[in-house]
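These notes are about the structure you will find just below.
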Amino acid sequence: MLRYGAAFATLSLRQVVPLAAPGVALGACLDAIRRLVETHPALRTRFADPAGSGDVRQDVAAEGTHLVEVYELGEHASDGAVAAVAERRGRKLATEPFRHGHEWPVRFGVVCRGRRVRAVTLVCSHVAFDAWSADLVGTALRRLLTGEPGPAPTGDVWQPLDQAAHERSERGLREDARAMRHWRSRLAEVPDTAPRPAYDPPAAPPIQQWWVTSNALAAASVTLAERTRTSTSAVLLTLAATALSAIRGQRTVPLKLIAGNRFTDRQQRLACSAAQDGLMVFERADVSLDDAVREVYRRSTGGYMRGQYNPDSLTALTAELNGSRRHPLDLTGYFNDARLSHDWALPPGPARRSERGPAFVRGYDRNDMSFCVVLAQQGPDCQVSLLADTRRLPADRIPGVLSGLESLLCDAACRELALHDVPEALGLPPA
């Protein structure tokens, strides 16, 4: 996370917990926050590296104080004004990167109308939380605030120390070994070929992210998923892998899959970051797009199931494999299905194409990703974003890939396409 510099703040996870009128008393709200923090140790954890050696220590506090920002609106403020202020306060709380050695990895803000709390904003650090656990914390707080049954007592909730103990156990070590066998066998499929020369000069900043909001794209991916009896995630993953193959000029490419690792009930109740990287090696064969989606679905399932391991094990494995190669493995391509339900929530009525087209999101001076496709659901909006290193993909082609993705999927929903036609449809050279 430190590689991102100030841009790390853009990765913080924001959410707003709205409260119906008349709201709750401020004291009751603060009591709910206290109970939430007592229940989940990740909310009171600091991450310290005093020697600067990279040997980070997690310290969980038994007691302490959270600073809660309180913003008071007049008693005649509208519900829309409350929602807008809560959204703005959340953005403000997320402006500064977390200082993990000195502060808690979550920030709270309270918006009051007429001295009653009508919304609570939470900003969670991506070091301590993934999207699933941030949503879990927000849901738990809403239940505490509205009087619904709260989280179970601490002893009955799977906690970070329980997960750590599992990872050190005999069973956990077997899972690590199985994961490394999977990575070793898949990475052996990646040819030892030279990369394409970099584009020079790159854009400023060199790594850029764009997104497109399109319900038509999402609806078309649903049609293709149903036709292939797979999933919308597999459909978009196939197209992302095909694009990466064309960008690198290599028919076989490794793609990291950001895996939620929430396979069991206890993991689904774990309020800390559990996400890691799975692996899929994609080979662009002379097949139909439908057949490619089926194969990607099969391969990616194994990759997601082998996404739990000791990061040191993977570091040692890649160092060993690179020692026998002329060209190091390029593991900077990513795919992230960030939809918590792993499906689109399409609004009623005919699906509409993007009205504005792709939009620039942000740029990064540093990033450990050279390529990343992200699927996200923002209310009724279905979003697909593409982050790319402009030394690999010129900046002016990034929005073209997203526009091409929308058109291609709408076309593929109506008829079967050949996989070798995909790069041209995305505005990319064939490999």
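Exactly one condition in (1) part of a strand (DSSP E or B); (2) of a type in the set (Ser, Thr, Tyr); (3) without any contact (Cβ under 8 Å) to a residue 40 or more places away in the chain is false for Ser407; which is it?
(1)
One line per residue, one yes/no per condition, for (1) open to solvent by 40 Å² or more (accessible area, probe 1.4 Å); (2) more than 27 Å from Gly260 (Cβ to Cβ); (3) modelled with pLDDT of 95 or more; (4) touching a Ser or Thr at 6+ places or on another chain (Cβ under 7 Å):
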site: Ala345; (1), (2), (3), (4): yes, no, no, no
site: Pro348; (1), (2), (3), (4): yes, yes, no, no
site: Ser385; (1), (2), (3), (4): no, no, yes, no
site: Arg391; (1), (2), (3), (4): yes, yes, yes, no
site: Ala395; (1), (2), (3), (4): no, yes, yes, no
site: Gly400; (1), (2), (3), (4): no, yes, yes, no
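So, Arg366, is that one open to solvent by 60 Å² or more (accessible area, probe 1.4 Å), over 18 Å from Pro195 (Cβ atoms) and touching a Phe, Trp or Tyr at 6+ places or on another chain (Cβ under 9 Å) or not?
Taking the combined requirement at face value, the residue satisfies it.
Please go through region 246-305 and pick out each residue that is of a type in the set (S, T, N, Q), open to solvent by less than 40 Å² (accessible area, probe 1.4 Å), touching a residue at least 60 places away in the same chain (Cβ under 8 Å) and within 23 Å of Ala376 (Cα to Cα).
Within region 246-305, Gln267, Ser300 qualify.
Only one of Glu38, Glu72 is modelled with pLDDT of 90 or more, surrounded by 12 or more Cβ atoms within 10 Å (Cβ to Cβ) and part of a helix (DSSP H, G or I). Can you tell me which?
Glu38
I'm trying to understand the selection: among the residues of region 41-69, which are open to solvent by 80 Å² or more (accessible area, probe 1.4 Å) and hydroxyl-bearing (Ser, Thr, Tyr)?
Across region 41-69, the qualifying residues are Ser53, Thr65.
Among the residues of region 95-113, what is the count of those that are over 14 Å from Cys29 (Cβ atoms) and either surrounded by fewer than 21 Cβ atoms within 10 Å (Cβ to Cβ) or over 21 Å from the mean Cα position of the chain (by Cα) (or both)?
Here the count works out to 9.
Can you say whether Ser324 is of a type outside the set (A, V, I, L, M, F, W, C), at pLDDT 95 or above, open to solvent by 50 Å² or more (accessible area, probe 1.4 Å) and assigned to a loop (DSSP other than H, G, I, E, B), as far as the supplied structure shows?
Yes.
Collect the residues in region 178-212 that are in contact (Cβ under 8 Å) with a residue 24 or more places away in the chain and either among the β-branched types (Val, Ile, Thr) or in a helix (DSSP H, G or I) (or both), keeping them in residue-number order.
Listed by number, the residues that qualify are Arg178, Ala179, Met180, His182, Trp183, Arg184, Arg186, Leu187, Val190, Thr193, Ile207, Val212.
Thr45 passes all but one of (1) touching a His at 6+ places or on another chain (Cβ under 9 Å); (2) farther than 17 Å from Phe98 by Cβ; (3) among the β-branched types (Val, Ile, Thr); which number fails?
So the condition that Thr45 fails would be (2).
Quick one: Phe129 ticks every box in (1) open to solvent by 20 Å² or more (accessible area, probe 1.4 Å); (2) of a type outside the set (Ser, Thr, Tyr); (3) out of contact with any Phe, Trp or Tyr (no Cβ under 9 Å at 6 or more places or on another chain); (4) closer than 20 Å to Leu270 by Cα except a single one, so which number is it?
(1)
Since Gln377 meets every condition but one in (1) surrounded by fewer than 16 Cβ atoms within 10 Å (Cβ to Cβ); (2) at negative phi, which condition does it not meet?
So Gln377 meets the others, but not (1).
Of the conditions (1) touching a residue at least 60 places away in the same chain (Cβ under 8 Å); (2) open to solvent by 60 Å² or more (accessible area, probe 1.4 Å), Cys414 clears all except one; give me its number.
For Cys414, the exception is condition (1).
Can you find, within region 75-86, the residue that is nearest to Val16 (Cα to Cα) among those that are in contact (Cβ under 8 Å) with a residue 12 or more places away in the chain and surrounded by 15 or more Cβ atoms within 10 Å (Cβ to Cβ)?
Filtering region 75-86 for residues that are in contact (Cβ under 8 Å) with a residue 12 or more places away in the chain and surrounded by 15 or more Cβ atoms within 10 Å (Cβ to Cβ), the one nearest to Val16 (Cα to Cα) comes out as Ala86.
Check whether at least one residue in region 370-381 is farther than 22 Å from Ser231 by Cβ and touching a Lys or Arg at 6+ places or on another chain (Cβ under 8 Å), and report yes or no.
Yes: one or more hits.
Any residue at all in region 135-156 that is in a helix (DSSP H, G or I), surrounded by 13 or more Cβ atoms within 10 Å (Cβ to Cβ) and in contact with a Phe, Trp or Tyr (Cβ under 8 Å, 6 or more places away or on another chain)?
yes
In region 345-394, what residues are of a type in the set (A, V, I, L, M, F, W, C), in a loop (DSSP other than H, G, I, E, B) and under 16 Å from the mean Cα position of the chain (by Cα)?
Met369
The values are calculated or read from the model by the stated rules, or taken from the named source; none is laboratory data. Small disclaimer: the values here were computed from a predicted structure and weren't measured. FYI the Cβ positions are ideal-geometry reconstructions off the backbone, even for glycines, and counts take in every protein chain you see. In case anyone asks, the SASA skips ligands and DNA or RNA and just uses the protein heavy atoms, side chains included. Shrake-Rupley method; radii C 1.70, N 1.55, O 1.52, S 1.80 Å.
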